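Read through the structure below, which is laid out as structure tokens, and then see the notes.
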Amino acid sequence: MAWSAADVPTQNGRVAVVTGANSGLGLETAKVLAARGATVVLACRDPKRAAAAAGVVGKQGGTAELLALDLASLDSVRAAAAELRERFDRVDLLFNNAGVMFPAYGKTADGFELQLGTNHLGHFAFTGLVLDRLLEVPGSRVVVVASLVHRFARGGMNFDDLQSERRYSRIGAYGQSKLANLLFVYELQRRLAAAEARTVAVAAHPGCSSTELTRHLPAWMQRASRVLVEPLLAQPAEQGALPSLRAATDAQAQGGQYYGPRGFQQTRGAPQLVRSTPVSYDTAAQQRLWTVSQELTGVGFPV
């Protein structure tokens, strides 16, 4: 039988942090967790939209808390992590969900290419700064949301031009950032397992889901997507959130696994175990990216 939101067990007494929870996949994830009784921390960049989302999430039955977090600024990441640690002595679930997709070339406040800096480096730093709050909780999980577009990084991480300063492609840079998400989660799980931690790291992707991520595309590409892609392949955001929810709450899920839709080319359908591309399982690349990420962010990990 297909796994659905109805299969999410009770989350009473649990604390879940969801980055980018003001809309799309993050909001749908937060709504389900709140409906199961969790305290859900909406870690968002835009305070007005976050407050509106909190109103929606709060109606589901759980508790919605707000946390200001701009993943494109390490100062904001450090401040958010410090505030989270002050307000909560435990975190059961961390969803690294927020992201940007296909913007024109730009840089974060710290000079990183915008997509890599937001989608990977910001989450890497935030995870490292709050991980000890999860390590104290049996059954806690870090869920990293990747993407089908990681397949575009067929040659692996371009460590020679990590910040896309020599050549920039909107799709190529996004694919690199999503491959980085997978390299990160697999290396994190290896370290957690070596430390015999009670926390595991799991990956997920939403397939082709209707969200606001396409807002950075040129207008003609947005129109083409709405006319040609979404009617054939896209699924609603609430369906796209299911792989992340399964990765976080299914009792059978294990560290280092990857969940995605089971339908055509993993674009839509109920969540199931899937495989990422061979380059994502390259342990040397995982370890190299980890080292580079620590150097760029200045953030270490307790494992």
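Does Gln252 count as under 27 Å from Arg36 (Cβ atoms), modelled with pLDDT of 95 or more and surrounded by fewer than 18 Cβ atoms within 10 Å (Cβ to Cβ)?
yes
Given the residues Gly24, Gly20, which is the only one that is touching a helix residue (DSSP H, G or I) at 6+ places or on another chain (Cβ under 8 Å), surrounded by fewer than 24 Cβ atoms within 10 Å (Cβ to Cβ) and either in contact (Cβ under 8 Å) with a residue 60 or more places away in the chain or not hydrophobic (A, V, I, L, M, F, W, C) (or both)?
Answer to the selection: Gly24.
Go over the candidates Phe88, Phe126 one by one and state the one that is aromatic (Phe, Trp, Tyr), surrounded by 23 or more Cβ atoms within 10 Å (Cβ to Cβ), touching a helix residue (DSSP H, G or I) at 6+ places or on another chain (Cβ under 9 Å) and within 17 Å of Ala16 (Cβ to Cβ).
Phe126
Of everything in the range 54-79 that's aliphatic (A, V, I, L, M) and free of Cβ contacts under 8 Å to residues at least 24 places away in the same chain, which residue is surrounded by the most Cβ atoms within 10 Å (Cβ to Cβ)?
Ala54
Suppose we keep only residues that are hydrophobic (A, V, I, L, M, F, W, C) and in a helix (DSSP H, G or I) within the range 91-123. Which one would you say is nearest to Ala16 (Cα to Cα)?
Leu121
Taking the stated definitions as given, is Arg198 within 20 Å of Val17 (Cβ to Cβ) and at pLDDT 95 or above?
Against the criterion (within 20 Å of Val17 (Cβ to Cβ) and at pLDDT 95 or above), Arg198 qualifies.
Scan the range 274-303 residue by residue and report those that are touching a strand residue (DSSP E or B) at 6+ places or on another chain (Cβ under 8 Å) and buried (at least 16 other Cβ atoms within 10 Å of the Cβ).
Val274, Ser276
Do we have Ala34 as buried (at least 20 other Cβ atoms within 10 Å of the Cβ), farther than 30 Å from Leu296 by Cα and either in contact with a strand residue (DSSP E or B) (Cβ under 8 Å, 6 or more places away or on another chain) or without any contact (Cβ under 8 Å) to a residue 12 or more places away in the chain (or both) here?
Judged against the criteria, Ala34 is a match.
The values are calculated or read from the model by the stated rules, or taken from the named source; none is laboratory data. What you are looking at is a predicted structure, and each value in this text was computed from that prediction instead of being measured. With ideal geometry, Cβ positions are generated from the backbone for all residues, glycine too; neighbour counts draw on all protein chains shown.
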